[in-house]
Amino acid sequence: MRKALVVIGLLSALVGVVQAATAELDFDLMQNIEDTNKSLSSNIALKDAKGSSADARELHRMFTEVESHFVNRGDAPDAVDLSRKSLGLTQDIQQAVGSGQFDAASEAAAGLSRTCRACHTFYKKS
């Protein structure tokens, strides 16, 4: 009985460590998205096609991770939808920048920021 209690205690501690590591990973990912989104807005305003394209590609990669996270979580359909919307907006930005349409890219980037805020309203941890 005593061994069972020790094993249960160790497993509980391990679960806590894994959950803490996952939360930290999520925070780091979200911080990287925020930083890259700021860079994207700046690059679009400067009409820097190379920088804007690189930022949009990186955001697309990161939103793929966000989508996967919320799909695996299983209880956040709105977050899945918002992450998919973000993926579409990053593609729109890449296309607009690629054709030199920085006004359209700026509108899509503003939509991306609004989509992030909408998701954070419901899912961001304090």
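As an exercise, use a Förster radius of 22 Å and the Cβ-Cβ distance of residue 107 and residue 50 to find the FRET efficiency, rounded to the nearest 0.05. So the FRET efficiency works out to roughly 0.60. Size descriptors for segment 18-126 (Cα atoms only): Rg and Dmax, in that order, 13.9, 45 Å. Compute the distribution of all C-alpha to C-alpha distances in segment 71-124, in bins of 5 Å from 0, and list the percent of pairs in each, rounded to whole numbers. So the P(r) values, bin by bin, are 5, 22, 25, 19, 13, 9, 6, 2.
Over segment 24-105, Cα pairs under 8 Å with separation of 6+ residues give a relative contact order of 30 percent. For the listed peptides 59-71, 84-96, a ranking on the average number of other beta carbons within 10 Å per residue, highest first, reads 84-96, 59-71.
Rule-based calculations on the coordinates, nothing more; no lab input. Every value quoted in this text rests on a predicted model; they were computed, and no experiment measured them. Every residue, glycine as well, gets a Cβ built from its backbone with ideal geometry; the counts of neighbours run over all protein chains shown.
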